[in-house]
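Report on one structure; see the data block that follows.
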């Protein structure tokens with residue numbers, strides 16, 4: 001499991017703290033800006049990324065997506081529920 005954000009590393013760390021910590025790594029799509037956001041169709045023509053949460057299941061399919069408004073923050077319980085519904089595959 002991997003979290004990716006176009007926010008900076010300090011922002012990612014603050015978000016993880018707001019969730020009470022996370023047991024997976026968080027990557028930053030901050031610079032070069034937006035390669036991952038673009039790959040998922042979440043980068044606008046003006047170069048800004050949508051604020052969204054995606055959960056990609058063990059089979060590599062997007063199982064959950066929620067796009068938030070610019071002033072809206074993801075709800076931790078919603079994110080944690082989506083992750084719990086799609087546990088990582090164990091090898």
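No value in this document is a laboratory result; all are computed from the given coordinates. Note that the structure is a prediction, hence the values are computed from the model and not measured. Note: ideal-geometry Cβ built from the backbone for every residue, glycine included; neighbour counts use all protein chains shown.
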Report, in degrees rounded to the nearest 10, the 0 to 90 angle that the Cα long axis of helix 9-18 makes with the longest principal axis of the chain. 40
If each part is reduced to its alpha-carbon centroid, the range 51-91 and the range 1-30 end up apart, in Å, by 13
Taking the Cα-to-Cβ direction at residue 84 and at residue 63 and moving 7 Å from each Cα, how far apart do the two end points lie in nm? 1.3
For the range 3-84 (alpha-carbon point model, no solvent) the Debye-based log₁₀ I(q)/I(0) at q = 0.13, 0.14, 0.17 Å⁻¹ works out to -0.39, -0.46, -0.70
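Return a whole-number percent for the relative contact order of the chain, with Cα pairs under 8 Å and 6 or more residues apart as the contact set.
Numbers: 106 pairs, mean separation 19.4, N = 91.
Normalised by residue count, the contact order of the chain is 21 percent.
Out of all DSSP beta bridges in the chain, what portion is antiparallel? Express it as a percent rounded to 5.
Values: 7 of 10 bridges.
Within the chain, antiparallel bridges account for around 70 percent of the total.
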